[in-house]
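Colleague: Have a look at the structure that comes next, please.
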Amino acid sequence: MHEQGLQLNSPKGVPEALGVGLCRSAYVARLAAVNRGCVMTSTSMSSKRPLVLLLEDDRASAEAMQIILRDWGAEVVHGANIAHISSAAGARTTQANIIITDFHLPGADGVSTAQQLRERAPLAQVLVLSGSLNNDARLAAKSAGYAFLAKPAPPGDIVAWLNRTNALAE
């Protein structure tokens, strides 16, 4: 198992191996324990929880990202593709504040999927994640006006983006 990731000031004795995209199920369980010892929440969070639509087809990455997002204070609707998200979120899709998507999704790319979702939630901010070694994902995200982070994305970078995005929306 690859253990590359971000070192978080974890409680003593808790192994550290985080990086969304390289996490595996055993590490996701540890992430929950690690997060309890880390500062990963926003102090500027309003009383209304932001609705985040998370498009991620890798189960371990999705679990890790959901922990980060929920610890930050978001309500998360997860799906592996646009059909799953649309079904799970239903009419609330229009209320999405944030869309976070992997670039490589089954049958589509994350940028075009986010564009489809933004037709229903035009004010949603978008973050595209990709572990791709070429710049195609970064260029596609930037040309669409979306933020981009390379996988494995350090949780601190994700939270910093969420805090900046949330501050702009308030």
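Taken together, the values in this text are just the output of simple stated rules run on the coordinates, not laboratory data. As the structure is a prediction and not an experimental result, all values here were calculated from the model. Note: ideal-geometry Cβ built from the backbone for every residue, glycine included; neighbour counts use all protein chains shown.
Colleague: Applying the Karplus parametrisation 6.51 cos²θ - 1.76 cosθ + 1.60 with θ = phi - 60° to the phi angles of the stretch 58-65, what ³J(HN,Hα) value in whole Hz is obtained for each residue in order, glycine and proline being reported as x?
Modeller: In residue order, the calculated couplings are 8, 4, 5, 5, 5, 4, 4, 5 Hz.
Colleague: Also: Looking at the stretch 41-169, what % of its DSSP beta bridges pair antiparallel, to the nearest 5? Before the final figure, lay out each step's value.
Modeller: Details: 2 of 20 bridges.
Around 10 percent antiparallel, to the nearest 5.
Colleague: Assign one of three labels to the stretch 41-169, namely rounded, prolate or oblate, based on the Cα gyration tensor with a ≥ b ≥ c the square roots of its eigenvalues; rounded applies when a/c is under 1.5, prolate when it is not and a/b is larger than b/c, and oblate otherwise. Working shown, then result.
Modeller: Values: a/c = 1.39, a/b = 1.16, b/c = 1.19.
Taking the square roots of the gyration eigenvalues as a ≥ b ≥ c, the stretch 41-169 is rounded.
Colleague: Using modelled backbone amide H atoms (1.01 Å from N, in-plane), which distant-in-sequence or interchain residues come within less than 5 Å of HIS78's amide H?
Modeller: Correct list: LEU54.
Colleague: HN-Hα J couplings of the stretch 143-155 from phi, Karplus 6.51/-1.76/1.60, θ = phi - 60°, integer Hz, Gly and Pro as x?
Modeller: My calculation for the stretch 143-155 gives 5, 8, x, 9, 6, 9, 9, 7, 8, x, 7, x, x Hz in order.
Colleague: Using modelled backbone amide H atoms (1.01 Å from N, in-plane), which distant-in-sequence or interchain residues come within less than 5 Å of SER132's amide H?
Modeller: The list, which skips near neighbours in sequence, is LYS151.
Colleague: With the Cα gyration tensor of the stretch 100-168 giving a ≥ b ≥ c as the square roots of its eigenvalues, does the rule (a/c under 1.5 for rounded; else a/b larger than b/c for prolate; else oblate) give rounded, prolate or oblate? Mind showing how you got there, number by number?
Modeller: Values: a/c = 1.85, a/b = 1.06, b/c = 1.75.
Here the stretch 100-168 falls in the oblate category.
Colleague: Read phi for every residue in the stretch 110-127 and hand back ³J(HN,Hα) as whole Hz from Karplus 6.51 cos²θ - 1.76 cosθ + 1.60, θ = phi - 60°, with x for Gly and Pro.
Modeller: x, 5, 5, 5, 5, 4, 5, 5, 5, 5, 9, 10, x, 8, 5, 7, 10, 10
Colleague: Extending each Cα 7 Å along its Cβ direction at ASP136 and THR94, get the distance between those two points in nm, one decimal.
Modeller: 3.6 nm
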